[in-house]
Amino acid sequence: MFPRDFAWGAGTAAYQIEGGWQADGKGPSIWDAFCHENGRVFGEQNGDVACNSYELWEKDLECIQRLGVTHYRLSLSWARLLPDGTTRHVNQTGVQYYNKVIDDLLACDVSPMVTLYHFDLPQTLQDQGGWKSPGIATLFDSYAKFCFQTFGDRVKLWITINEPHVCAKLGHEDGIHAPGLKEKGTAAYLVGHNMLRAHAMAWHSYNSVYRPQQKGAVSLALNSDWFEPSDQHCNEDIAAAERDLAFTLGWFAWPVFVTGDYPEVMRTAIDARSAKLRYNGASRLPSFSSDDPAILGTADFFALNYYTSRKVKPGGGCGETLCIKSDRDAEEVLDSSWPICGVSWLAVVPYGLRKLLKYIKDTFNNPEVYITENGFSQVGQLQMEDVQRCEFYKDTIMEVAKAIHQDGVNVRGYFAWSLMDNFEWADGFSVRFGLFHVDFSDAKLRRTIYRSGREYSKIIAKYKSGQPK
Ligand code: GBH
């Protein structure tokens, strides 16, 4: 049912689990600053302690072993390694922490997949303009080279940036993620642009300097829903669904996998809207110049974060002001046949993953694909016997199998999100995505496996060797 060397994994991100926000010389990140402002996060919560994985890594490792995964996806805290964001000062205690994590994983026969950036920019770099500043690309490249140099002898799967779409839009347009900017219709395009430039620089560094010895693979993780026309016979709805895909996945995938530039439909829509609102100046969607690193071809595999699907029709803009929603002109319509069980945005649509995988195969030249995130959340009443999440994983993994066998998609791995309950960004600890429950009221932050964790471990045991046992 699954290839013999299929990667079965679970994922986490540094700020969501580590805590130790000031421990042993770590510098502050934009999420530290964001959470410490009132009114940003549910219940004024923060990741100061989170799952305290900085001190309790061994407990995480026990969970990882209990699942029997072949891979574990983690992210590095840039500010833990380089407190002011630059290689002028290296925090050796941070290096030791990640060295131990990586060595322990390998000793247990688990391969690390390491993300360099999962939303937590060093605050010092934010103070210099953050992702809006073109110079960030060089700084990110230096950080990436430092990580390849330090950990690349043992890490063979790298993600440069997690979800540039989320960083750009939620962080700089909606303001619900750090750094909390609401510069609608402009900043997100600039941020996305600089993230692509940063990613490309790091990929080129790896490709020319580190790949010959280290022989690993580098990509960036792109999140996307699957978008369907509200009425599949209506041309306007079909076009709206295509626009939504272009503005979410295409924004980053087109430059990297297809043309080296943004999808045409995106630029056309943005520029038409600028003209309509008499916005003066250059296109709000920047252009790549000959001084920029080549963007096309800078991914060794396709890394997809998939959670949900949407039905869409034209609309949903913000009136006579600039904003991405109006540029995109695609409004989401709730489909009552798609149940919403946890967070409001997560309609349960396992088949959407299969459709999206087929779309990726056809559109992006049949790449190797890793599903780097997929998961299901609980809110409210805690259930250790989380049957809905069990069904979700079973159904979704079946759809992955169909994508491989019936659609010929080259899926190389699947990572459940998340290993354990953690700090769920603006939702704080009110939303639980874990395969392990974490008791945040317990000083020891005890981890306990959910039924879904047990079920996932059974699925892995069954398929790990290739044929179902
Ligand atoms: C992932 O993003 C993140 O990579 C991960 O860190 C996180 O824990 C996980 O999601 C679960 O949330 O609040 O209505 O504006 C997934 C893509 C895009 C999903 C933004 C939630 C917010 C919708 N996310 N979306 S809303």
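Values in this text are rule-based calculations from the coordinates and carry no lab data. Since the structure is predicted, the reported quantities are computational estimates derived from the model, not experimental observations. Cβ placement follows ideal geometry from the backbone for every residue including glycine, while neighbour counts extend to all protein chains displayed.
Which shape class, rounded, prolate or oblate, goes with region 131-215 when its Cα gyration tensor gives a ≥ b ≥ c as root eigenvalues, a/c under 1.5 marks rounded, and past that a/b bigger than b/c marks prolate?
Verdict is prolate for region 131-215.
Treat each spin label as a single point 7 Å out from the Cα along the C-beta direction, and report the LYS182 to GLU58 distance in nm.
Result: 4.7 nm between the two label points.
Once the dipole of region 212-329 is set up with Lys and Arg at +1 and Asp and Glu at -1 on Cβ about the Cα centre, which of SER274, ALA303, PHE247 lies farthest towards its positive end?
SER274
May I ask which of LYS169/LYS444; LYS394/LYS444; LYS311/LYS358; LYS184/LYS276; LYS169/LYS402; LYS100/LYS145 have a Cα-Cα span longer than 25 Å here?
LYS169/LYS444; LYS394/LYS444; LYS169/LYS402
Could you compute how fast region 1-54 diffuses translationally, taking Rh as the Kirkwood radius over C-alpha pairs and applying Stokes-Einstein at 37 °C with viscosity 0.692 mPa s? Give it in µm² per second.
251 µm²/s
Add -39500 (n - 2.57) for each DSSP H run of 4 or more in the chain, then divide by its residues: what number comes out at 222 nm, to the nearest 500 deg cm²/dmol?
Taking each H run of at least 4 residues, the total per residue is -11000 deg cm²/dmol.
Work out the length of the dipole vector of the chain about its Cα centre, built from +1 on the beta-carbon of each Lys and Arg and -1 on the beta-carbon of each Asp and Glu, and round it to the nearest 20 debye.
Once rounded to the nearest 20, the dipole reads 900 debye.
Please work out, to two decimal places, the log10 of the ratio I(q)/I(0) at q = 0.10, 0.14 Å⁻¹ from a Debye calculation in which every Cα of region 5-119 carries one identical scatterer.
Normalising to I(0) and taking log10 leaves -0.31, -0.59.
What is the distance in Å between the Cα centres of region 153-176 and region 203-222?
The two parts, judged by their Cα centres, are 17 Å apart.
I want to check the label-to-label distance for VAL90 and GLU236. Put each point 7 Å from Cα in the C-beta direction and report it in nm to one decimal.
The modelled label-to-label distance comes out at 5.9 nm.
Taking 45 Å as R0, compute the FRET efficiency from the Cβ-Cβ separation of THR321 and ARG4 and round it to 0.05.
The computed FRET efficiency comes out at 0.25.
Report the antiparallel proportion of the DSSP beta bridges in the chain as a percent, rounded to a multiple of 5.
About 20 percent, rounded to the nearest 5.
For q values of 0.13, 0.22, 0.24 Å⁻¹, compute log₁₀ I(q)/I(0) with the Debye formula on a Cα-only model of region 366-469, without solvent.
-0.53, -1.18, -1.32
Mind checking the dipole of region 1-73: about its Cα centre, +1 per Lys or Arg Cβ, -1 per Asp or Glu Cβ, Debye to the nearest 20?
Its charge dipole is roughly 360 debye.
Can you give the FRET efficiency for ARG451 and VAL379, using 1/(1 + (r/R0)^6), R0 = 22 Å, r = Cβ-Cβ distance, to the nearest 0.05?
0.80
Quick one: Debye curve from the C-alpha atoms of the chain, no solvent, what's log10 I(q)/I(0) at q = 0.07 Å⁻¹?
-0.33
Could you state the number of Å between the C-alpha centres of region 288-348 and region 49-104?
Between the Cα centres of region 49-104 and region 288-348 lies a distance of 31 Å.
In nm, to one decimal, how far is the SER208 label point from the LYS458 one, both placed 7 Å along Cα→Cβ?
5.3 nm
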